[in-house]
Amino acid sequence: MDDALWYEAAQVVGITNALNVVADALGESGQGLSAIDPARAGEEAQTLFRDIRAFFVSEEVPLPFRLMAHDAGYLAEVWAAVKHAFADHRLSRRLKASLAFAVSLTSRSRFGTAFHLAEMRRLGIGERGVMEVLGVTQMFSSYTKIADTLQLEPDMGDIAPVDPSPAPGGRRVATDRQVPGGRQVNGTSRAKISNGDRRVASKASRISVSPAPTPVSRRAAKKPV
């Protein structure tokens with residue numbers, strides 16, 4: 001599978017968690033941070049609210065955006081990321097809504113589960129589709145808990161072939177054929193690989209990165225007088 005699809009999915013996962021954290025932590029906390037009333041919001045927030053309503057085809061502005069509207073500049077940056085993450089690109093918006101629903105279920109987000117379920121239904125996913133997503137999420141969550149409890153190590157790293165495709169906008173991971181003299185580790189060269197390329201290769205479990213050296217305190221590093 002093209003690596004760019006994984007990055008697009010990963011962005012949806014990250015943005016979903018970001019929205020859920022705001023809504024779940026602040027929406028019911030009762031700690032004095034109330035959601036902004038759209039009718040009383042400032043001009044910049046009003047403009048953003050109109051765009052949010054249009055994107056979700058709703059008269060209501062979802063809770064996390066109304067909470068973030070206390071800082072309109074912050075809201076603008078987050079909304080730009082949300083809109084980009086959930087728009088149709090190489091992955092469809094319906095698939096992204098399903099992924100966000102699964103993420104919300106796994107993280108036990110009350111806001112996210114209800115919101116993304118409503119989005120799935122709005123985008124045309126019926127009851128059987130919802131149950132299919134629910135079943136897959138439940139099954140893999142169970143397997144993950146069992147594996148974590150038993151402290152099992154992943155053993156699928158060598159199943160997939162090396163995927164040298166870059167992150168969107170990145171450069172291709174170097175191989176021995178591309179870099180003369182490079183030392184090959186499981187099919188991928190260790191020679192002069194950038195941080196972005198290393199992350200791509202690490203996802204395929206192909207490059208072993210040495211652990212960072214243990215920090216040395218100033219007192220321990222100080223030479224004796």
So, over other residues within a Cβ distance under 10 Å of A97, counting Lys, Arg +1 and Asp, Glu -1, the net charge is +4
Cα-based Kirkwood hydrodynamic radius, region 46-108, one decimal, Å: 12.7 Å
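At most 14 other Cβ atoms within 10 Å and a DSSP loop assignment: could you name the trypsin sites (Lys or Arg not before Pro) in region 83-148 that fit? Show your work: numbers first, answer last.
On the way: sites: K83, R90, R93, R94, K96, R108, R110, R121, R122, R128, K145; in loops: R90, R108.
Answer by residue number: R90, R108.
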How about region 23-122: which GluC sites (Glu not before Pro) there are in a DSSP loop, with at most 13 other Cβ atoms within 10 Å of their Cβ? E28, E59, E60
Once you keep just the Cα pairs under 8 angstrom separated by 6 or more residues, what percentage relative contact order results for region 1-108? 40 percent
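Counting pairwise Cα distances across region 1-132, what percent come out greater than 23 angstrom?
In whole percent, the share of Cα-Cα pairs in region 1-132 beyond 23 Å is 32.
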Measure off, as a whole percent, the carbon and sulfur share of the 1.4 Å-probe accessible area of region 1-130, all protein chains present. 55 percent
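Just the accessible area per residue of region 1-119, please: how many Å² with a 1.4 Å probe?
53 Å²
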Give, rounded to the nearest 20 debye, the magnitude of the charge dipole that region 1-153 has about its Cα centre when Lys and Arg contribute +1 at Cβ and Asp and Glu contribute -1 at Cβ. 420 debye
If we count every other residue with Cβ under 9 angstrom of F56's Cβ, Lys/Arg +1 and Asp/Glu -1, where does the sum land? 0
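The values are calculated or read from the model by the stated rules, or taken from the named source; none is laboratory data. Here the structure is a predicted model, which is why all the values come from computation and not from measurement. Note that each Cβ is placed from the backbone with ideal geometry, even for glycine, and that neighbours are counted across all protein chains shown. Ligands, DNA and RNA are excluded from the accessible area calculation, which covers all protein heavy atoms including side chains. Shrake-Rupley method; radii C 1.70, N 1.55, O 1.52, S 1.80 Å.
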